[in-house]
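Heads up: the structure comes next, in structure tokens.
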Amino acid sequence: MKKVLILVLIIFAVGCAKKYVKETGEPVRAKPEAAVEAPKEVKVEEKIIPREVAPTPVLQAQEPAFELKDALFDYDKYDIMPGARAALDSVAAWLNKNKNINVLIEGHCDERGTNEYNLALGEKRATAARDYLIARGVASTKIKTISYGEEKPICTEQNEACWQKNRRAHFVVTK
Amino acid sequence: MNYKHQSTDKNNLLSISYVLFSLVCVLCSVLFCLSSAHAKVYIDITSPALRKLPISISYTGPEGAKEIPEIIKNDLDFAGIFYLIDPDISGAEITAKISVETAEEIKADVTLFDLINNKEVFRKKYTASRNILRTLAHSISDDIFKEITGREGIFRTKIAYIVSSYGKNSLHMMDWDGYNQTRVISSGLTLSHIWSPDSQYLVYSSERNKMWEIYSLNLRNYREMTLFSSKGINLVGGISHNNQIAFSSSKDGSPEIYVMNLNGSGSKKLTKSLGIDVSPVFSPDGSQIAFVSDRGGTPQIYIMDSDGTRIRRLTFEGVYNTSPAWSPDGKWIAFVGRKDGNNQIFMIKSDSTDLRQLTENRNNENPTFSPDGMFIAFDSDRDGSKGIYLMSINGERQKRITPKDIKAMNPKWSPYIK
């Protein structure tokens, strides 16, 4: 690659009207790729990467499988809505019973917002869920939060039912 | 400071650094040219009564290099200030003669001839290796544009953007016209990113191992450095002409606006509110920061002085206004506003007057200005999957530049490549 970098620039002649530029470099076999070619290569590589959308909790073998239901949120909102309390209460009760288990709360959004704002909104949803659990007696040291904004939807159709599923705090058992 | 080599994309980066280095070489000739005064400006692009200049481009050379005049025509056509006229038909006021020889290298001889005053106004010889044919052609476009308007052309600039695939977001870059797409960073989930003012660094936020941290990548030696790491979400927003980075961090609980130096030192908190403060961007003179806050109940754009004082609200229409981008002349802020359930690109003057809607078809997000302030790149789902589009700042000439089979979003236009 060093060879490629050996470019020689010679400027001769004076004045703007007559300028001669010499640039040499290692000629490369083909003309530049067309726009459509690069992404193909990307796709092939990324197919082997496992999709991280579905919840994959690292459950300890001795723990009974327990479904931690998502806490859902209203459009553009990050306060806990009454309908989400049952899910959060059952998560809190389960965490209070299983003292050795920690949880990561992921905040998610539907696709209708803008990416950066949604990342902040998702974080607010995760921290709202965390604060609720703490108020229900869960030790704050057991909870971590993260946001994925709109980047990891569980549902990709464009309708309200789907968007509602994506506006969620999702619980992942970490220990 | 945490230095580490990016191994996965090293080859890509080598070619990027090579291309950037080549650009330096081509540019040297341009700069040399600038040192002499220009006799005449043929088009004043700031004039409200702009008249398009009729120009013809003739080509002599091998079939294999015919791409060169085609690229130049495409560049000049998109600039929107030329009428391209067939060289066999009269009516052109300026003619560009491009003669090309290809052997191991490409040699191009370009002359610009003023047909009204019957005189040669520009002549230059170019030699380049064959793998940078497009760069060579864009350099010729820049020289022609400069000769005719007296201003820098944008034809060698780049756009950095995100490709989303199977739940992964990787950082890519391409030429402004959509060619030479190259993956830059694929580790983690990358979201926001910015160019340093000298185009030498990309600064971006990635989620890796459940942490959103801010990184910088030196495009010359492909070294990545962690700039800011803390608990919570750390999202880069903008950078000033003197290399101050504005970002949001929730390290103390709620997302607030901070600034720090390009090497990650000297971070300073500027805002304090219970809600969301995010997406800070500097005004071109560095004196002000526009950002998004929901302190008034809905997400709106605010402006503050860059020391965090004098916060005032910029947007008042609608309930959702985000993603500000400051125009290079400092007069306008482009942003995303929600209207009738869809997101659209708007522009507003920094004193809250003269609101203009630039898009109307489906969702259009993440506006970014070209360095000359004449164009906006953005992403849109109007054709199904999200892709990158360009348009003039008056909303005209909207066109997609990324292929329809990839999800591409969040474009950031580079400064002039130096």
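The values are calculated or read from the model by the stated rules, or taken from the named source; none is laboratory data. Note that the structure is predicted; figures quoted are calculated from it, not measured. When we count neighbours, we look across all protein chains shown, and the Cβ atoms used for this are built from the backbone with ideal geometry, even at glycine.
Working only within segment B:379-393, note down all residues that are of a type outside the set (Ser, Thr, Tyr) and more than 16 Å from B:Ile154 (Cβ to Cβ). Break it down stepwise before answering.
Start the filter on segment B:379-393 by keeping residues that are of a type outside the set (Ser, Thr, Tyr), which leaves B:379, B:381-384, B:386-388, B:390-391, B:393.
Of everything in segment B:379-393, those that are of a type outside the set (Ser, Thr, Tyr) and more than 16 Å from B:Ile154 (Cβ to Cβ) turn out to be B:Asp379, B:Asp381, B:Arg382, B:Asp383, B:Gly384, B:Lys386, B:Gly387.
Hey, among B:Asp44, B:Asp109, which residue is in contact with a strand residue (DSSP E or B) (Cβ under 6 Å, 6 or more places away or on another chain) and of a type in the set (D, E, K, R)? Lay out the reasoning, then the answer.
Details: B:Asp44 fails: in contact with a strand residue (DSSP E or B) (Cβ under 6 Å, 6 or more places away or on another chain).
So the residue among B:Asp44, B:Asp109 that is in contact with a strand residue (DSSP E or B) (Cβ under 6 Å, 6 or more places away or on another chain) and of a type in the set (D, E, K, R) is B:Asp109.
Exactly one of these conditions fails for A:Leu88: (1) within 13 Å of chain B (Cβ to nearest Cβ); (2) touching a Phe, Trp or Tyr at 6+ places or on another chain (Cβ under 6 Å). Give me its number.
(1)
Find all pairs meeting these conditions: Cβ atoms under 7 angstrom apart; at least six residues apart or on different chains; first residue within segment B:329-341 and on the phi < 0 side of the Ramachandran plot; second residue among the acidic types (Asp, Glu) and surrounded by fewer than 20 Cβ atoms within 10 Å (Cβ to Cβ).
From residues that are on the phi < 0 side of the Ramachandran plot, the pairs are B:Gly337/B:Glu317.
Please determine whether any residue of segment B:138-150 is of a type in the set (A, V, I, L, M), in contact with a helix residue (DSSP H, G or I) (Cβ under 6 Å, 6 or more places away or on another chain) and over 30 Å from B:Asp329 (Cα atoms). Spell out the reasoning first.
Of segment B:138-150, the ones of a type in the set (A, V, I, L, M) are B:140, B:144, B:148.
Still in the running and in contact with a helix residue (DSSP H, G or I) (Cβ under 6 Å, 6 or more places away or on another chain): B:140.
Adding the requirement that they be over 30 Å from B:Asp329 (Cα atoms) leaves none.
Taking every residue of segment B:138-150 in turn, none turns out to be of a type in the set (A, V, I, L, M), in contact with a helix residue (DSSP H, G or I) (Cβ under 6 Å, 6 or more places away or on another chain) and over 30 Å from B:Asp329 (Cα atoms).
So in segment A:113-124, with the set limited to residues that are under 15 Å from B:Leu274 (Cβ atoms) and not aliphatic (A, V, I, L, M), which one is surrounded by the most Cβ atoms within 10 Å (Cβ to Cβ)?
Ranking the candidates gives A:Glu123 first.
Out of B:Val278, B:Val259, I need the residue that is within 14 Å of chain A (Cβ to nearest Cβ) and either touching a Leu at 6+ places or on another chain (Cβ under 6 Å) or not small (Gly, Ala, Ser) (or both). Which one?
Details: B:Val259 fails: within 14 Å of chain A (Cβ to nearest Cβ).
Criteria check complete, one pass: B:Val278.
Looking at segment B:145-180 only, could you name the residues that are out of contact with any Pro (no Cβ under 7 Å at 6 or more places or on another chain), away from chain A (no Cβ under 13 Å) and among the aliphatic types (A, V, I, L, M)?
If the condition is that a residue be out of contact with any Pro (no Cβ under 7 Å at 6 or more places or on another chain), away from chain A (no Cβ under 13 Å) and among the aliphatic types (A, V, I, L, M), then B:Ile148, B:Ala160 are the ones that fit.
Counting only residues that are within 11 Å of chain A (Cβ to nearest Cβ) and among the acidic types (Asp, Glu), which one in segment B:102-144 is surrounded by the most Cβ atoms within 10 Å (Cβ to Cβ)?
Taking the candidates together, the pick is B:Asp143.
Among what's in segment B:351-406 and is closer than 28 Å to B:Tyr166 by Cα, in contact (Cβ under 8 Å) with a residue 60 or more places away in the chain and in a loop (DSSP other than H, G, I, E, B), pick the residue that is farthest from the other protein chains (Cβ to nearest Cβ).
Residue satisfying both the conditions and the ranking: B:Lys386.
Can you go through B:Asp285, B:Asp294 and tell me which one is modelled with pLDDT of 95 or more, closer than 27 Å to B:Ile333 by Cα and buried (at least 20 other Cβ atoms within 10 Å of the Cβ)? Outline the logic, then answer.
Values: B:Asp285 fails: buried (at least 20 other Cβ atoms within 10 Å of the Cβ).
It is B:Asp294.
Looking at segment B:183-213, which of its residues are within 13 Å of another protein chain (Cβ to nearest Cβ) and among the β-branched types (Val, Ile, Thr)?
Filtering segment B:183-213 down to residues within 13 Å of another protein chain (Cβ to nearest Cβ) leaves B:183-194, B:204-213.
Matches in segment B:183-213: B:Val184, B:Ile185, B:Thr190, B:Ile194.
Could you check B:Arg397 against (1) surrounded by fewer than 16 Cβ atoms within 10 Å (Cβ to Cβ); (2) farther than 24 Å from B:Ala79 by Cβ; (3) among the basic types (Lys, Arg) and say which number it fails?
(2)
Which residue, of B:Asn209, B:Asn221, B:Asn263, B:Asn242, is free of Cβ contacts under 8 Å to residues at least 60 places away in the same chain, farther than 22 Å from A:Ile146 by Cβ and surrounded by fewer than 17 Cβ atoms within 10 Å (Cβ to Cβ)?
Working: B:Asn209 fails: farther than 22 Å from A:Ile146 by Cβ; B:Asn221 fails: free of Cβ contacts under 8 Å to residues at least 60 places away in the same chain; B:Asn263 fails: free of Cβ contacts under 8 Å to residues at least 60 places away in the same chain.
Checking each option against the conditions leaves just B:Asn242.
Considering each residue of segment B:297-338, count those that are over 22 Å from the mean Cα position of the chain (by Cα) and surrounded by fewer than 17 Cβ atoms within 10 Å (Cβ to Cβ), and give that number.
The first filter runs over segment B:297-338 and keeps only residues over 22 Å from the mean Cα position of the chain (by Cα), leaving B:297-300, B:302-320, B:338.
This time we only want the ones that are surrounded by fewer than 17 Cβ atoms within 10 Å (Cβ to Cβ), so: B:297-298, B:305, B:307, B:309-310, B:312-313, B:316-319.
Residues that pass the stated criteria total 12.
So, B:Val41, is that one in contact with a Gly (Cβ under 6 Å, 6 or more places away or on another chain) and touching a residue at least 24 places away in the same chain (Cβ under 8 Å) or not? It would help to see each step written out before you state the result.
Values: in contact with a Gly (Cβ under 6 Å, 6 or more places away or on another chain): yes; touching a residue at least 24 places away in the same chain (Cβ under 8 Å): yes.
Yes: the conditions hold for B:Val41.
Identify, please: which residue in segment A:73-83 is within 16 Å of A:Thr127 (Cβ to Cβ) and in contact with a helix residue (DSSP H, G or I) (Cβ under 8 Å, 6 or more places away or on another chain) and is, among those, surrounded by the most Cβ atoms within 10 Å (Cβ to Cβ)?
This residue is A:Phe73.
Working carefully through the options A:Gly149, A:Gly107, A:Gly113, find the one that is farther than 20 Å from A:Ala84 by Cα and not aromatic (Phe, Trp, Tyr). It would help to see each step written out before you state the result.
Details: A:Gly149 fails: farther than 20 Å from A:Ala84 by Cα; A:Gly107 fails: farther than 20 Å from A:Ala84 by Cα.
None of the others qualify; the one that does is A:Gly113.
For segment B:122-146, how many residues are in a helix (DSSP H, G or I) and under 16 Å from B:Glu67 (Cα atoms)?
Step one: filter segment B:122-146 for residues in a helix (DSSP H, G or I), giving B:130-146.
Checking the rest, the ones that are also under 16 Å from B:Glu67 (Cα atoms) come to B:130-141.
Number satisfying all stated conditions: 12.
Cβ-Cβ distance below 9 Å, separation of 6 or more or different chains: which pairs start in segment B:295-318 with a residue that is touching a residue at least 60 places away in the same chain (Cβ under 8 Å) and more than 14 Å from every other protein chain (Cβ to nearest Cβ) and end on one that is of a type outside the set (S, T, N, Q) and assigned to a loop (DSSP other than H, G, I, E, B)?
Listed by first residue and then by second, the contacts come to B:Ser306/B:Leu270; B:Ser306/B:Gly286.
Can you spot a residue in segment B:60-68 that is at pLDDT 80 or above and assigned to a strand (DSSP E or B)? Quick ask: steps written out before the conclusion?
Initially, segment B:60-68 is screened for residues at pLDDT 80 or above, giving B:60-68.
Going one step further and asking which of them are assigned to a strand (DSSP E or B), we end up with B:60.
Yes, segment B:60-68 contains a residue that is at pLDDT 80 or above and assigned to a strand (DSSP E or B).
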